[in-house]
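Read through the structure below, which is laid out as structure tokens, and then see the notes.
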Amino acid sequence: MPGKRGRPPKRSAVSVSNDKESSSVTMKVKEEPTMPGKRGRPPKHSAVSVNNDKESSSMTTKAKVTHPSHRGKPGAVLAIGQGDVGQLGLGPNVMERKRPALVHMPEPVLQAVAGGMHSVCLGKSGKVYTFGCNDEGALGRNTVEDVEEAMPGTVTLPELAVQVSAGDSHTAVLTEFGSVYLWGTFRDNNGIIGLLEPMMKCPLPTKLTLDTRIVKVASGNDHLVLLSESRQVYTLGCGDQGQLGRVAEMFANRGGRRGLLRLLVPQQVRVKARRGHSHVEFLDVFCGSYFTFALSTDGSLYGFGLSNYHQLGTAKPDSAFVPNLLTSFENSKTWLELCGGQHHSLCLDSGGRAFSWGMGTNCQLGTGEDEDEWSPVQVTGKQLEKRHVLAASSGGQHTLLLVTDK
């Protein structure tokens with residue numbers, strides 16, 4: 001996929017150093033009243049709204065949302081790689097770090113994610129901190145000097161956060177009562193397409209209002225996936241490669257005749273159940289750079305988006321513009337987590353094993369070979385013989401595994 005014009009390569013990374021352990025959290029399903037749309041739009045569409053005292057009061061009476069992805073232990077943040085636009089959080093004079101360096105944060109951190117040229121951290125208190133390039137509003141705060149961008153700064157939010165995600169030029173935050181705040185912009189191969197309004201960037205946090213509460217947010221390079229408390233999936237952003245799962249190929253280029261609102265207004269991804277007339281419900285969602293995975297309540301895995309190197313686990317290297325049931329994953333394993341890079345993917349099972357597939361040219365699959373794989377192959381090696389894999393993360397052409405001794 002072509003990079004952004006005039007932008008340096010994306011090689012930075014941030015991580016939270018902790019003893020992260022898997023935990024099981026029961027998702028609570030609760031019907032919420034339909035919230036009015038913006039400017040007369042029908043309720044099924046989402047809209048941006050302004051907070052008011054009445055809304056804030058009603059939100060505080062609701063139970064906090066829960067999801068297994070909210071797990072985590074507080075730890076320190078380490079950064080490594082390229083830092084020419086401040087994405088390492090080490091100050092404006094640090095252009096590169098070849099070894100991990102400690103990022104001085106105001107408090108212990110529960111989650112750290114790396115976007116294209118910016119980084120986002122979730123503090124133990126529920127505050128959100130950002131650093132890096134702010135040209136397109138990805139930091140969610142006003143910055144004047146380079147030093148402000150290159151050091152962790154607090155994003156002003158009216159609610160405490162429980163999860164963060166970051167894409168190429170956008171950031172998403174999930175709050176404890178199921179609200180989502182966004183800032184930055186989405187892009188396609190031709191440039192900016194906007195975030196919530198066509199061609200309009202959001203330099204400061206903007207609340208996204210749906211008719212249901214959200215329990216998880218996941219970001220691809222330029223698309224966002226939302227999992228609702230009612231176990232439905234919503235998407236928004238760029239749909240060029242089918243990563244939204246609800247826009248036909250003929251309309252994928254900037255929304256066709258309906259324009260960008262087809263892409264930027266969040267809408268539900270509907271998958272008809274194999275039996276009966278109901279629709280599939282989902283327990284989890286995951287994103288690669290240009291593709292999406294969704295795990296259903298019956299353990300089936302669906303995928304949509306770019307698969308030119310079989311990163312969806314399909315035999316044919318074709319993009320999927322609607323959710324495809326991925327038969328490569330129909331077995332007795334319980335899949336806990338998936339992640340994707342630009343052209344490869346990984347998943348973890350309940351037995352602490354990691355599996356990979358897709359492009360292997362740069363040995364990013366961890367199989368010891370530099371060959372592509374179209375279906376999941378277990379990641380093996382001496383370092384994993386007596387270890388249990390807790391988590392995985394994929395960059396453009398590399399992979400990280402968090403492990404513990406068995």
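The values are calculated or read from the model by the stated rules, or taken from the named source; none is laboratory data. Everything quoted here is computed from the prediction, not taken from an experiment. Here the Cβ positions follow ideal geometry from the backbone for every residue, glycine too, while neighbour counts run over all protein chains shown.
Give me the residue from segment 278-301 that is among the hydroxyl-bearing types (Ser, Thr, Tyr) and in a loop (DSSP other than H, G, I, E, B) and, out of that set, surrounded by the most Cβ atoms within 10 Å (Cβ to Cβ).
Of everything passing the filter in segment 278-301, SER289 is surrounded by the most Cβ atoms within 10 Å (Cβ to Cβ).
Among the residues of segment 25-43, is any out of contact with any Phe, Trp or Tyr (no Cβ under 6 Å at 6 or more places or on another chain), modelled with pLDDT of 50 or more and either within 24 Å of THR235 (Cα to Cα) or polar (S, T, N, Q) (or both)?
no
Restricting to segment 113-157, and then to whatever is acidic (Asp, Glu) and closer than 25 Å to GLN342 by Cα, can you tell me which residue is surrounded by the fewest Cβ atoms within 10 Å (Cβ to Cβ)?
So the first thing to find is which residues in segment 113-157 are acidic (Asp, Glu), and the list is 135-136, 145-146, 148-149.
Checking the rest, the ones that are also closer than 25 Å to GLN342 by Cα come to 135-136.
Values: ASP135: 16, GLU136: 23.
Taking the candidates together, the pick is ASP135.
Among the numbered criteria (1) farther than 22 Å from LEU400 by Cβ; (2) part of a loop (DSSP other than H, G, I, E, B); (3) of a type in the set (S, T, N, Q), which single criterion is violated by GLN87?
(1)
Identify, please: which residue in segment 343-372 is in contact (Cβ under 8 Å) with a residue 40 or more places away in the chain and surrounded by fewer than 21 Cβ atoms within 10 Å (Cβ to Cβ) and is, among those, farthest from THR314 (Cα to Cα)?
Ranking the candidates gives GLY352 first.
Filter segment 302-319 down to residues that are touching a strand residue (DSSP E or B) at 6+ places or on another chain (Cβ under 7 Å) and surrounded by fewer than 23 Cβ atoms within 10 Å (Cβ to Cβ), then give me how many there are.
Within segment 302-319, residues that are touching a strand residue (DSSP E or B) at 6+ places or on another chain (Cβ under 7 Å) and surrounded by fewer than 23 Cβ atoms within 10 Å (Cβ to Cβ) number 5.
Determine whether ILE192 is in contact (Cβ under 8 Å) with a residue 12 or more places away in the chain and more than 30 Å from GLY91 (Cα to Cα).
no
Out of all the residues in segment 92-102, is one or more crowded, with 20+ Cβ neighbours inside 10 Å and farther than 16 Å from ASP168 by Cα?
No, every residue in segment 92-102 fails to be crowded, with 20+ Cβ neighbours inside 10 Å and farther than 16 Å from ASP168 by Cα.
Count, please, the residues in segment 73-84 that happen to be part of a loop (DSSP other than H, G, I, E, B) and not basic (Lys, Arg).
Going through segment 73-84 one residue at a time, the tally reaches 3.
I need a count of the residues in segment 327-342 that are buried (at least 20 other Cβ atoms within 10 Å of the Cβ) and over 19 Å from the mean Cα position of the chain (by Cα).
So the count comes out to 1.
Quick one: is ASP168 part of a loop (DSSP other than H, G, I, E, B) and touching a Pro at 6+ places or on another chain (Cβ under 8 Å)?
no
Within segment 95-112, does at least one residue satisfy the condition of being part of a loop (DSSP other than H, G, I, E, B) and closer than 21 Å to GLY395 by Cα?
Residues of segment 95-112 that are part of a loop (DSSP other than H, G, I, E, B), as a first pass: 95, 104-108.
With the extra rule that they be closer than 21 Å to GLY395 by Cα, the set shrinks to 95.
Yes: one or more hits.
Search segment 260-291 for residues being farther than 25 Å from ASN190 by Cα and among the basic types (Lys, Arg), and hand back the single one that is modelled with the highest pLDDT.
ARG270
If you take just the strands (runs of 3 or more DSSP E) that sit entirely in segment 325-406, which of them hold at least 3 residues that are modelled with pLDDT of 90 or more and farther than 23 Å from TYR309 by Cβ? Even if it seems obvious, please write down each step before you answer.
On the way: elements: 335-340, 344-349, 354-358, 373-378, 387-394, 399-405.
In segment 325-406, the matching strands (runs of 3 or more DSSP E) lie at 387-394, 399-405.
So LYS406 ticks every box in (1) free of Cβ contacts under 8 Å to residues at least 40 places away in the same chain; (2) farther than 24 Å from GLY299 by Cα; (3) of a type outside the set (Val, Ile, Thr) but one. Which box is left unticked?
(1)
What about THR130, is it at pLDDT 95 or above, among the polar types (S, T, N, Q) and farther than 24 Å from GLY288 by Cβ?
Taking the combined requirement at face value, the residue does not satisfy it.
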